[in-house]
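Q: Sharing a structure with you now.
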Amino acid sequence: DDPMLVRVVCRLATVVDSVVVSCRSDQHDPFASALDAVDPPVPIRFVPDSTPGEGPLAGVSAALEGIDSPRTAVLAYDMPWVDPEFLAYLFAQVDGSDAAVPTGASGYLQPTQAVYRTERMQSVAAAQLSSGERSLLGALDELDITAVPADVVEARIGHRTLRDVNTREEIPGRD
């Protein structure tokens, strides 16, 4: 069984030119080995999370450093059902806003499977972190977002794409 990270990176690699993995330093070697074994079709760069344990916003901020693409997909590695076509759709929805963020079936925005204008998100993340804010969801309040309604997510691909995995029993392919 491939680690979830491999599954997510391989799916993401079909719609982007490169992938940046933000992780703790102790995760680097196992993650790199797992990805080397499948040889993804795009370059992979690892960025150490400079403030481990500070939450997704800190990890996103670390990953955004050095990205020169105008738009960036942010994707949590615990979302193994991410659909590449849906990510492509999100990229197209960013025009005229700072981010395209899907709404889950529960009605909440899902910022860890979204597309952001890189420079704007870098700026907001840095400001939030320097003020002591650690919430990625809270950072959305500072962005002009295109919220993709839950019914559109369901009609386009279904909400499974937004589902995260919290236990090993939920991992695809496990008996």
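Q: Going 7 Å from the Cα of Ala88 along its beta-carbon direction, which residues of segment 6-45 have the amide nitrogen within less than 11 Å of the resulting point?
A: Only 14-16 fall inside the zone, counting backbone N under 11 Å.
Q: Roll a 1.4 angstrom probe over the protein heavy atoms and tell me the percent of accessible area of segment 12-120 that is carbon or sulfur.
A: Exposed carbon and sulfur together represent 49 percent of the surface.
Q: Taking H as built 1.01 Å from N, whose amide H comes closer than 5 Å to the amide H of Cys23, not counting residues under 5 places away?
A: Val47, Asp49
Q: In terms of modelled amide H atoms, which long-range or inter-chain residues lie less than 5 Å from the amide H of Thr146?
A: When sequence neighbours closer than 5 places are left aside, the close amide H contacts are Asp98, Ala99, Ala100, Val101.
Q: Give the long-range amide H neighbours of Arg71: residues separated by 5 or more places, or on another chain, with amide H under 5 Å away, using H modelled in the peptide plane at 1.01 Å from N.
A: Counting only residues 5 or more places away or on other chains, the set is Thr118.
Q: I would also like to ask the following. Determine the calculated [θ] at 222 nm for the chain from helices alone, applying -39500 (n - 2.57) to every DSSP H run no shorter than 4 residues and normalising by the residue count; nearest 500 deg cm²/dmol.
A: Dividing the helical sum by the residues of the chain leaves -11000 deg cm²/dmol.
Q: What is the gain in length, in nm to one decimal, between Asp39 and Val165 on full extension, counting 0.36 nm per residue of separation less the C-alpha to C-alpha distance?
A: 43.0 nm
Q: What size of dipole, in debye to the nearest 20, comes out for the chain about its Cα centre when the only charges are +1 on Lys and Arg C-beta atoms and -1 on Asp and Glu C-beta atoms?
A: 120
Q: Further, regarding this structure: Can you give the % of DSSP beta bridges in segment 25-175 that are antiparallel, to the nearest 5?
A: Once the DSSP bridges in segment 25-175 are tallied, antiparallel ones form about 65 percent.
Q: Using the charge dipole of the chain (Lys, Arg: +1 at Cβ; Asp, Glu: -1 at Cβ; taken about the Cα centre), state which of Gln27, Gln110, Val152 has its Cα farthest towards the positive end.
A: Val152
Q: To continue, here is another question. What's the extension gain from Ala126 to Arg24 if we count 0.36 nm per residue and subtract their Cα-Cα distance?
A: Length gained, Ala126 through Arg24: 34.8 nm.
Q: Next question. How large is the accessible surface of Val74 in square angstrom, using a 1.4 angstrom probe and rounding to the nearest 10?
A: 20
Q: When the Cα centres of segment 135-153 and segment 49-86 are compared, how far apart do they sit, in Å?
A: So the separation of the two Cα centres works out to 15 Å.
Q: Taking 0.36 nm per residue of separation and subtracting the Cα-Cα distance, what length does fully extending Asp144 through Thr14 add?
A: My answer for the length gained is 44.1 nm.
Q: For a quick check of your reading of the filter: which trypsin sites (Lys or Arg not before Pro) in segment 5-44 sit in a DSSP loop and have no more than 12 other Cβ atoms within 10 Å?
A: Of the trypsin sites (Lys or Arg not before Pro), the ones in loops of segment 5-44 whose Cβ has at most 12 other Cβ atoms within 10 Å are Arg24.
Q: Which ³J(HN,Hα) values in Hz, rounded to whole numbers, follow from the phi angles of segment 127-138 under the Karplus curve 6.51 cos²θ - 1.76 cosθ + 1.60, where θ = phi - 60° and Gly and Pro get x?
A: Values, residue by residue: 5, 4, 5, 5, 8, x, 7, 10, 8, 5, 4, x Hz.
Q: Return one whole number: the accessible area per residue of segment 54-175 in Å², for a 1.4 Å probe.
A: Here the residues of segment 54-175 average 49 Å² of exposed surface.
The values are calculated or read from the model by the stated rules, or taken from the named source; none is laboratory data. Only a predicted model underlies this, so the values are computations on that prediction, with no experimental measurement involved. In this analysis, Cβ positions are derived from the backbone assuming ideal geometry, glycine residues included, and neighbour counts consider all displayed protein chains. For the accessible areas, the whole protein counts, side chains as well, though only heavy atoms, and no ligand, DNA or RNA atoms are used. Shrake-Rupley method; radii C 1.70, N 1.55, O 1.52, S 1.80 Å.
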